[in-house]
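Heads up, the thing below is written out as structure tokens.
The values are calculated or read from the model by the stated rules, or taken from the named source; none is laboratory data. Values in this document were obtained by computation on a predicted structure and should not be read as measured data. Don't worry about glycine lacking a Cβ; one is built from the backbone with ideal geometry, like all the others, and counts go over all protein chains shown. Just so you know, the surface numbers come from the protein's heavy atoms only, side chains and all, with ligands and any DNA or RNA stripped out. Shrake-Rupley method; radii C 1.70, N 1.55, O 1.52, S 1.80 Å.
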Amino acid sequence: MDKVTVPIARERKGKNKLAMLTAYDYAFAGIMDNAGIDIILVGDSVGSVMLGYPNTIPVTIEEMIHHAKPVVKATRNALVVIDMPFMSYQESVEQARRNAGRMIKESGAEAVKLEGGTGMKEVIKAIVDIDIPVMGHIGLTPQSVHRMGGYKVQKEEERLVADALAVEEAGAFSVVLECVPRDISKKITEMLSIPTIGIGAGPDCDGQVLVLHDLLGILSDFRPKFVKSYMNMREEVERGIKEYIEEVRGGIFPDDAHSFH
């Protein structure tokens, strides 16, 4: 498999669909890179999945960089994108450029992702203007969960279309559509010249993204409608741990084959 770059990802628009997953560590990033994933997102979902936060809002720049570094080390072919966390780009254009530069420089990621549409147009453009590729994110934007009153499907077509166009005009190379009705996602995908990557946005987008731990069935919490688990790793891991505990307590492990002589 050839290395996926920003231009290659953009050129896949309307051709070969892009497969994207989240990763937060060296082991899983290496597995998905070997499997042929196109894009690895070091998402601020790390807060909920790995750090035990109630949402993505508490995640810091330092935490994002910390988790992105091993992902970059494990990746050979996939494009690595890092999320800009809450309040790392909202204050000013200068703040956004400075933090985007720091995150790319210190993590080794190849692009940043940030949330927002028309209100973030100038920020996206400012970051793109210093040669840092930007992936947009509109629809349900988790960093705005309090304003939205929860994680709800976004159905305001006029606003969604305006946000999508603003992100494209600002110079983003792609845009995530989260929790958007299928017909609106299809319309936006056909309208834009950049790839759309859906999560809860139907099959008509140019690509799809899921949180890895949802795909693997590791989390036991509420599962959104758009999540498809391809295995139940939580049960398998729990079974293996229970078997280990039983063998240790029963004196079965380690046996002679697992001992040195």
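Counted residue by residue at 0.36 nm each, then reduced by the alpha carbon distance between them, the extension gain from ASP129 to ARG239 reaches 34.5 nm. Note on the chain: helix-only mean residue ellipticity at 222 nm, from DSSP H runs of 4+ residues weighted -39500 (n - 2.57) and normalised by residue number, equals -12000 deg cm²/dmol. Using 13 Å as the cut-off for backbone N distance, which residues of segment 187-231 belong to the label zone defined by a point 7 Å from the Cα of LYS17 along Cα→Cβ? In segment 187-231, the label zone of LYS17 (backbone N under 13 Å from the point 7 Å along Cα→Cβ) covers 196-210, 228. According to the Kirkwood relation over distinct C-alpha pairs, the hydrodynamic radius of segment 56-167 is 14.6 Å. The slack between HIS261 and LEU51, meaning 0.36 nm per residue of separation minus the straight C-alpha distance, is 71.4 nm. When the alpha carbon coordinates of the chain are projected onto the principal axes, the ranges are 67, 37, 36 Å, largest first.
Among VAL211, VAL59, VAL227, the largest mean-square fluctuation in a Gaussian network model of the chain, built with springs joining Cα atoms closer than 10 Å, belongs to VAL227.
Placing pseudo-labels 7 Å out from each Cα toward the beta carbon at ASP25 and LEU165 gives an inter-label distance of 4.5 nm.
Using a Förster radius of 22 Å, what is the FRET efficiency between LYS225 and MET148 based on their Cβ-Cβ separation? Nearest 0.05, please. Before the final figure, lay out each step's value.
Numbers: r = 17 Å, r/R0 = 0.77.
About 0.85, to the nearest 0.05.
For segment 119-260, the per residue solvent-accessible surface stands at 55 Å², with DNA, RNA and ligands left out and a 1.4 Å probe. Applying 1/(1 + (r/R0)^6) with r as the Cβ-Cβ distance of GLU94 and THR60 and R0 = 22 angstrom yields a FRET efficiency of 0.70. Taking each residue as 0.36 nm, the span from THR118 to ASN77 lengthens on full extension beyond its C-alpha to C-alpha distance by 11.5 nm.
With a 1.4 Å probe and every protein chain kept in, tell me what percent of the accessible surface of the chain is carbon plus sulfur. Don't jump to the answer; show the numbers that get you there.
On the way: 7140 of 13100 Å².
Roughly 54 percent, rounded to a whole number.
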